[in-house]
């Protein structure tokens, strides 16, 4: 994932009057961005993954992880959708910046779910509560298609790029590549791409190699109202080999 992840999927990132200012860490002014709180950053987006119903991906990132008590997510009608699992997180370490934990949980989308402001109630261990908000539009982004190389293909030479068809509604893409001969080690997670192709770094793929890859598509990036992104789709994992 990258701020641009993953595998963003989807989206709300960002009550200044209630919560004060939180540091975005990248120079952005967050005072007018409701996804940001003094405790951290909240985002929720709609995900379309292979072979399962639509679901919400809720995210809270913070450098104040030792102070967290719980994070509860509510829909626009104030109904509880669930809590984030604070035992599971992605660790983010950047030179010159404090350690950050990104807590991510998948939540079901009720049949009567609708557009509006979703909120996270972040309760700290000292009893203080702050609110993060994200505006969500319930949409389904189609799965990626038209892959080149095709799934299970053996290709004669090391490719210079990976390509796929434009996904309706998508403005950005991110690609993850694994090396199947190296226990499916991730060898590349791309930056956000603004077109449906990935130029491959020279020398990364090898003759005789066996690789898997998948495409994550998203509608927007870092919007004050809709967050990191609003909705997205994760394509199925594809495989290809390169002749020796």
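The values are calculated or read from the model by the stated rules, or taken from the named source; none is laboratory data. Since this is a predicted model, take the numbers as computed values, not measurements. Cβ placement follows ideal geometry from the backbone for every residue including glycine, while neighbour counts extend to all protein chains displayed.
Being crowded, with 17+ Cβ neighbours inside 10 Å, under 30 Å from residue 136 (Cβ atoms) and not assigned by TED's automatic domain parsing to the domain that holds residue 116 is a description that applies to residue 215. The sole residue among 129, 189, 176, 123 that is modelled with pLDDT of 95 or more and surrounded by 20 or more Cβ atoms within 10 Å (Cβ to Cβ) is 176.
Would you be able to tell me the number of residues in segment 139-150 that are under 10 Å from residue 230 (Cβ atoms) and modelled with pLDDT of 95 or more? Before the answer, list the steps.
Just the residues of segment 139-150 that are under 10 Å from residue 230 (Cβ atoms), to begin with: 139, 141.
Checking which are modelled with pLDDT of 95 or more leaves us with 141.
Of the residues in segment 139-150, 1 are under 10 Å from residue 230 (Cβ atoms) and modelled with pLDDT of 95 or more.
Residues 158, 167: which one is modelled with pLDDT of 95 or more, outside any strand (DSSP E or B) and either closer than 19 Å to residue 207 by Cα or touching a helix residue (DSSP H, G or I) at 6+ places or on another chain (Cβ under 7 Å) (or both)?
Numbers: 167 fails: either closer than 19 Å to residue 207 by Cα or touching a helix residue (DSSP H, G or I) at 6+ places or on another chain (Cβ under 7 Å) (or both).
After applying the criteria, what remains is 158.
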